[in-house]
Amino acid sequence: MNINRKEIDKRRTFAIISHPDAGKTTLTEKLLLFGGAIHQAGAVKARKAQRYARSDWMAIEKERGISITTSVMKFNYGGVEINLLDTPGHQDFSEDTYRVLTAVDSALMVIDNARGVEPQTEKLMEVCRMRNIPIITFINKLDAEGMAPLDVISDIEDKLQIECSPLSWPIGMGKRFKGVYNFYKKELHLFKPGRKTDIREGIVIKDLSDLKLDEIIGSQADELREDIELIEGAADPFEPDHYLKGNQTPVFFGSAINNFGVKELLDTLVEMAPSPGPRAALTREVSPYEKSFSGFVFKIQANMNPAHRDRIAFIRICSGKFTKGMKAFQNRTGKDVQFSNATIFMAQGRENVAEAYPGDIIGIYNHGTIRIGDTFTEKEPLKFCGIPNFSPEFFKKVILKNPLKAKHLRKGLIQLAEEGVVQVFRPVVGNDYLLGAVGILQFDVTMERLRSEYGVDAVYESVNYKVSRWIECDDPGKMEAFEKKNRTNIALDAEGAKAYLTTSEWQLGYCIEQWPEIKFNKTREISDNDRNLLS
Ligand code: G4P
């Protein structure tokens, strides 16, 4: 027992969340640079560009020049094994973006200092809350003019309902930005702005009363001393326990593009972010230190190579040890699956993996036999919880151009729903297929894949729905009454679960008020049931 404890304790698996343009790509790149995983800034962006040019990705992905994939980047920093998961943003925001957060132990939130909390961050934060994921905050772009530090902190506290504890403090902003004081280490880093790509430490000052400080930053030295005194007296002190429970976020300031504040951030992350912890399954909690292997699928990436229709299932390891060529028991099918050709995602590409531990993400090639939500173990029947479908925010109706292809359409939709590309609903009234997604690009991907993989020529059309919730009720009589009254608003999802679809948040709120006995759920756990309910 416990033979892997050391390997597990030195792992940090986290996702970077932000609103587009806050600096997520830049910061990722700088973290990799500090981790020695890349040697030149620009490599992540360049790699993205190269990937599109290589044409083994979907045409649609190339056309739009954006990434539909979730990247996993593994690197080592000071003896710590870091698994960094990217959350797709921009137009490629999708359920995958949310589901990445089911596979991590903590998150790093990037906020643009000029913009404060933006909508996409709010949405991602809501998902973090579902599992109380600990979050470290990085306020970026201090080299440009933005909000006063205290204002951006209160913006975070108000909009995200999380207590902030500043662990660093900026010296000036914009042209006057000189560096950050680190409350945690009680030292000061000064720097000269400049978009150099090397890693610079700047000048380190250990004592705030050091006159060298006045020499270097002039009148800003006294301003800083006053700020620090004020913050130390007034700000919430950092409480590791509150952070680990997701109730408090340590806040760092910096400028990703200038490498500034990045090293402090990474050092702190490595020190305080949690290593892999226990994970709930339907029947029991699984400790990462258990000897037997277990893991779950949180993402499927299709069309890695269109000629082979192959897919990669991304598995988060929860316990035990993965070894090359091992067989694992797939709970949903009751079958053993040979994990040949498992891949681990390194910052600089994919590698065949010989062994992997809890916290690691491995990729398993398959031909559609693995679904999102699948649990793999050595032999114990087990089903991990907390890998849900999320309520769609956009809906479309599928119009089939050739009615003879109805069967193909059904098959395609079932498989795409299993892969998590899109959600499919059948209203109880009528014969339509409704597609539901949290990001609009999911519709284009669905249509493109229906055409190229299933030979189905279909288009989508707007519908009035804007909100949906899965519905449940302990009282069958009440449920029946609700369904009778709202027949035209009820649809079954691919697993046959009932959902209430409506035209606005306001309508939904009204309905919730009218029907207090009905539960309206924003998420629904993916089960091991067959998805043959679309016929
Ligand atoms: P994202 O992944 O969150 O979408 O953001 P990304 O890193 O692509 O950064 C968005 C823009 O913000 C980029 O500018 C980037 O250079 C800039 N940026 C990132 N960090 C900082 C910072 O610390 N200070 C300032 N002033 N800007 C920063 P762009 O003009 O869109 O792209 P580029 O031409 O610079 O690559």
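Tell me, what is the 1.4 Å probe accessible area of His242, in Å² to the nearest 10?
70 Å²
For Arg426, what accessible area in Å² do you get when you roll a 1.4 Å probe over the heavy atoms of the protein chains, rounding to the nearest 10?
Using a 1.4 Å probe on the heavy atoms, I get roughly 40 Å².
Would you mind checking which residues have amide H under 5 Å from Met109's amide H? H placed 1.01 Å from N; only 5 or more apart, or other chain.
When sequence neighbours closer than 5 places are left aside, the close amide H contacts are Ile17, Ile136, Thr137, Phe138.
Kindly sort Thr283, Thr369 by accessible area of their heavy atoms, largest first, with the probe set to 1.4 Å.
Largest accessible area first, the residues go Thr283, Thr369.
Skipping prolines and chain starts, which residues have an amide H placed within reach, meaning under 5 Å, of the one on Ser165, given they are 5 or more residues away or on another chain?
Under 5 Å from the amide H of Ser165 lie the amide H atoms of Thr249, Val251, each far enough along the sequence or on another chain.
Round to the nearest 10 and give me the degree value, 0 to 90, for the angle of helix 24-34's Cα axis relative to the longest principal axis of the chain.
Tilt relative to the chain: about 60 degrees.
Relative to the longest principal axis of the chain, what angle (0 to 90°, nearest 10) does the C-alpha long axis of helix 406-419 take?
Computed tilt is about 30 degrees.
Keeping all protein chains in place and using 1.4 angstrom, which order do Glu453, Glu393 fall into by accessible surface area, from largest down?
Ranked from most to least accessible, the order is Glu393, Glu453.
Of Ala328, Leu142, Val456, which is farthest on the positive side of the dipole of the chain, counting Cα position, with +1 on Lys and Arg Cβ, -1 on Asp and Glu Cβ, and the Cα centre as origin?
Value computed over the given set: Val456.
What is the ratio of the Cα radius of gyration of region 388-525 to 2.2 N^0.38 Å, where N is its residue count, to two decimals?
Compared with the compact-globule rule of thumb, region 388-525 sits at 1.06.
Only bridges with both residues in the chain count here: give the DSSP antiparallel percent, nearest 5.
75 percent
At 1.4 Å probe size, with every protein chain present, just tell me what the per residue accessible area of the chain comes to in Å².
I get 42 Å² per residue for this part.
Which entries of Lys335/Lys485; Lys159/Lys321; Lys123/Lys291; Lys383/Lys484; Lys411/Lys522; Lys10/Lys206 show an alpha-carbon separation above 32 angstrom in the structure shown?
Lys335/Lys485; Lys159/Lys321; Lys123/Lys291; Lys383/Lys484
Nearest 10 degrees is fine. How inclined is helix 262-272 to the longest principal axis of the chain, computing both from alpha carbons?
Between helix and principal axis, roughly 70 degrees.
For the chain, which whole percent of the accessible surface, found with a 1.4 angstrom probe, sits on carbon and sulfur atoms?
Roughly 49 percent of what the probe reaches on the chain is carbon or sulfur.
Sorted by accessible area with a 1.4 angstrom probe, largest first, how do Lys175, Lys379 fall?
Lys175, Lys379
Using only DSSP helix segments of four residues or longer, with each worth -39500 (n - 2.57), what per-residue ellipticity at 222 nm results for the chain after dividing by its residue count and rounding to 500?
Mean residue ellipticity, 222 nm, calculated: -8000 deg cm²/dmol.
Would you compute, for the Cα atoms of the chain, the largest minus smallest coordinate along each principal axis and list the three values in descending order, in whole Å?
So the three principal-axis extents are 81, 55, 46 Å.
Given the protein chains as shown and a 1.4 Å probe, how many square angstrom of Ser292 are accessible, to the nearest 10?
We get 60 Å² for Ser292.
Tell me, what HN-Hα J-couplings in whole Hz come from the Karplus equation 6.51 cos²θ - 1.76 cosθ + 1.60 at θ = phi - 60° for each residue of region 144-157, using x for Gly and Pro?
10, 5, x, 6, 5, x, 5, 5, 5, 5, 6, 4, 5, 5
The values are calculated or read from the model by the stated rules, or taken from the named source; none is laboratory data. Since the structure is predicted, the reported quantities are computational estimates derived from the model, not experimental observations. All Cβ positions, glycine included, derive from the backbone under ideal geometry; neighbour counts span all protein chains shown. SASA here: full protein model, heavy atoms, side chains in, ligands and nucleic acids out. Shrake-Rupley method; radii C 1.70, N 1.55, O 1.52, S 1.80 Å.
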